[in-house]
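The values are calculated or read from the model by the stated rules, or taken from the named source; none is laboratory data. If you're wondering where the values come from, they're calculated on a predicted model, not measured in any experiment. Please note: Cβ atoms are built from the backbone with ideal geometry, for glycine as well, and neighbour counts cover all protein chains shown.
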Amino acid sequence: MFAPSKITAERRSICDKCKYFKKKSKTCGTPIVGNKVTYRKKEYKLCGCFMDIKARLLYSRCPLGKWQDEYKISEVEYKELKELLSNAVNEVSREENTKLHYLHNKYLKSGVQGSRCIPCVLQIINDLHKVVEQYEQE
Ligand code: SF4
């Protein structure tokens, strides 16, 4: 899933000013393999990704957390979202659908409008499952 063009442009602008951005290869640190850096007194591994591609992918993250569009959910939000998704399996009520759209906008800055179209709602549910998975991996 691609990020809205406004978000991609914001990310690229942040990378362009980042001292770890390799202008020649257009990568985050050493191309492909990445490299370790110390940032704000902590050690991180840069991803080595090609930023022309990575910045366009909605779920990608800056390894140093510099992209402003990143939204990390809290434990309370995680539990709320997980419960909402576990209820939205066979049927989604109007109330649940409104909530799903609201959270999709909040976490993914998607700008999606409320819709009852089944493929649209399924896409939103899938996207929100990825938000949950991301929280569980961290
Ligand atoms: S992804 Fe983050 S660390 Fe990498 S170049 Fe962009 S701003 Fe810098």
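From (1) touching a residue at least 60 places away in the same chain (Cβ under 8 Å); (2) outside any loop (DSSP other than H, G, I, E, B), pick out the condition that doesn't hold for Tyr59.
Looking at each condition in turn, Tyr59 falls short on (2).
Between residues in region 95-106 that are acidic (Asp, Glu) and residues that are surrounded by 18 or more Cβ atoms within 10 Å (Cβ to Cβ), which pairs lie under 7 Å by C-beta distance while being six or more apart or on different chains?
Taking only residues 6 or more apart or on different chains, the pairs are Glu96/Ala88.
Output the number of the condition that Gln68 fails; it satisfies all remaining conditions of (1) in contact (Cβ under 8 Å) with a residue 24 or more places away in the chain; (2) of a type in the set (S, T, N, Q); (3) over 16 Å from Asn126 (Cβ atoms); (4) in the same structural domain as Asn126 (by TED's automatic domain parsing).
Single failed check for Gln68: (4).
Residues to consider are Ser110, Ser60, Ser86; find the one that is touching a Lys or Arg at 6+ places or on another chain (Cβ under 6 Å), of a type in the set (Ser, Thr, Tyr) and outside the structural domain of Lys22 (by TED's automatic domain parsing).
Just one listed residue meets the conditions, Ser60.
Going residue by residue through region 116-134, is there one that turns out to be surrounded by 14 or more Cβ atoms within 10 Å (Cβ to Cβ) and part of a loop (DSSP other than H, G, I, E, B)?
Scanning region 116-134, I find no residue that is surrounded by 14 or more Cβ atoms within 10 Å (Cβ to Cβ) and part of a loop (DSSP other than H, G, I, E, B), so the answer is no.
Looking at Glu77, Glu96 in this structure, which one is within 12 Å of Val131 (Cα to Cα), among the acidic types (Asp, Glu) and more than 16 Å from the ligand (Cβ to nearest atom)?
Among Glu77, Glu96, only Glu77 is within 12 Å of Val131 (Cα to Cα), among the acidic types (Asp, Glu) and more than 16 Å from the ligand (Cβ to nearest atom).
So, Lys66, is that one modelled with pLDDT of 95 or more, assigned to a loop (DSSP other than H, G, I, E, B) and more than 16 Å from His129 (Cβ to Cβ) or not?
No; evaluated as a whole, the condition is false for this residue.
Filter region 1-36 down to the residues that are closer than 15 Å to Trp67 by Cβ and of a type in the set (D, E, K, R), then identify the one that is surrounded by the most Cβ atoms within 10 Å (Cβ to Cβ).
That would be Arg11.
For region 37-52, give me each residue that is closer than 13 Å to Arg11 by Cβ and either more than 12 Å from the ligand (Cβ to nearest atom) or touching a helix residue (DSSP H, G or I) at 6+ places or on another chain (Cβ under 7 Å) (or both).
Met51
If Glu80 passes every condition in (1) touching a helix residue (DSSP H, G or I) at 6+ places or on another chain (Cβ under 9 Å); (2) in a helix (DSSP H, G or I); (3) touching a residue at least 24 places away in the same chain (Cβ under 8 Å) but one, which one does it miss?
With respect to (1) touching a helix residue (DSSP H, G or I) at 6+ places or on another chain (Cβ under 9 Å); (2) in a helix (DSSP H, G or I); (3) touching a residue at least 24 places away in the same chain (Cβ under 8 Å), Glu80 is out only on (3).
Select from region 37-52 the residues that are out of contact with any Phe, Trp or Tyr (no Cβ under 7 Å at 6 or more places or on another chain), in a strand (DSSP E or B) and surrounded by fewer than 17 Cβ atoms within 10 Å (Cβ to Cβ) and write down the one among them that is modelled with the lowest pLDDT.
In this case the residue turns out to be Lys42.
Report, by residue number, each residue of region 9-36 that is touching a Phe, Trp or Tyr at 6+ places or on another chain (Cβ under 9 Å) and either more than 13 Å from the ligand (Cβ to nearest atom) or in the same structural domain as Ile124 (by TED's automatic domain parsing) (or both).
Residue satisfying the conditions is Ile32 alone.
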